[in-house]
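To keep things clear, I will list the structure first and then write my remarks on it.
Derivation of every value follows stated rules applied to the coordinates shown; laboratory data play no part. Treat the numbers as computed from the prediction; the structure is a model and nothing was measured. Using ideal geometry, Cβ is built from the backbone for each residue, glycine included, and neighbour counts are taken over all protein chains shown.
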Amino acid sequence: MPPPITPPAGASPGADRRTRILDAAEAVFARAGFHAATMNDVATEAGMSPGNLYRYFASKDAIIAGMAERDRTQIAADFAGLDPVKGGLLDQLETLGRRHLVEEPRARAVIALQIWAEAARNPEMARMCAAIDGTVAGGLASAIARAKEAGELPADLDDVSFLQAVFMMADGFFCRRAADPNFDPAAGADTLFRAMRGLARILVLPAAHAAAAE
């Protein structure tokens, strides 16, 4: 079962119950699968009656929406916390990446894979996935720009291609972790971040690359 996320200090009882429900739903969806799981299963896991559960979430889709928004808010806060005063931005990005890719339980990757599959046929889930991707892309783009200004990344880095590569590699990491229970995420992350740093040195804009070769 994924570790519960502690509500902020001073959170209302309603917010605390929503958090409890979302934590319970993550455990149930990872264990039984999104389609097989029922609202009754979630209520039992959360230690409340089905009627009480429906006061907060009208359906499984509504629960998924709550999970997605919670993740999006956390990701935005993580990127907002990046600060050159704390050290190298690339090192901070790697620490942030390891927190989400390695330190989070495998159940999170399993759920992500289910949501991505559902998004292929469900426009609302596709919209939620796009919102999270947009938050990640915006945070990464800002961090990359600041890293270039600080000289940590090449000034002629092709930002668009680099972001696309980072997304594809991270998505592949999530899929591998979800599909293979024997996958070692810590070792995989070592390879992933070495590859990303290597790509940052060669994915330069064509004109700048040609000029550098002269």
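Quick check on the chain: what are the equivalent-ellipsoid semi-axes from the Cα gyration tensor, as sqrt(5λ), descending, whole Å? Mind showing how you got there, number by number?
On the way: eigenvalues 269, 65, 48 Å².
Largest first, the chain gives 37, 18, 15 Å.
In what sequence, highest mean first, do 61-67, 82-88 appear when ranked by Cβ atoms within 10 angstrom?
By packing density, highest mean first, the sequence is 61-67, 82-88.
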If you project the alpha carbons of segment 101-150 onto the principal axes, what extent comes out on each, in Å, largest first? 41, 27, 10
Can you give the Rg to Rh ratio for segment 95-198, taking only C-alpha atoms and Rh from Kirkwood? 0.99
222 nm [θ] for the chain, helices only, -39500 (n - 2.57) per DSSP H run of 4+, per residue, to 500? -23500 deg cm²/dmol
